[in-house]
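Working notes, structure below.
The values are calculated or read from the model by the stated rules, or taken from the named source; none is laboratory data. The shown structure was predicted, so the numbers you read here are calculated from the model rather than taken from an experiment. Here the Cβ positions follow ideal geometry from the backbone for every residue, glycine too, while neighbour counts run over all protein chains shown.
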Amino acid sequence: MMAKAAKEGLQVEALQILADAGYYNSEEIKACEDDGVAAYVPLHRGNGKKHDRFTRGAFTYDSATDTYQCPAGQALRPTKKLWKNTSGRVRIR
């Protein structure tokens, strides 16, 4: 709504805006695009609390051994037991 108001106030056909991750909402970004507004908003990455966890990008897959390497250089192997998540999808941990 703010981007649309700014576009109308400036009386321009196109506008570029920048916002922080707290404003990330895919429906609002789509509405901006439909209205001629290029929105630059980073993906929201959680609540900002620090955790001793790594993102997926920190792990690398080795297809020859079917393992992942963690950031500490250790091989992570899948468990033999299948796991079903709350949506019913079967996963390998």
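Listed here are the residues, each with its yes/no results for (1) modelled with pLDDT of 90 or more; (2) more than 20 Å from the chain's Cα centre (by Cα).
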position: 18; (1), (2): yes, no
position: 49; (1), (2): no, no
position: 52; (1), (2): no, no
position: 91; (1), (2): no, yes
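Here is the figure for segment 5-28: residues that are in a helix (DSSP H, G or I) and within 11 Å of residue 39 (Cα to Cα) total 3. Condition (residue is touching a strand residue (DSSP E or B) at 6+ places or on another chain (Cβ under 6 Å) and surrounded by fewer than 12 Cβ atoms within 10 Å (Cβ to Cβ)) applied to segment 32-48: is it met by at least one residue? Yes, because at least one residue in segment 32-48 is touching a strand residue (DSSP E or B) at 6+ places or on another chain (Cβ under 6 Å) and surrounded by fewer than 12 Cβ atoms within 10 Å (Cβ to Cβ).
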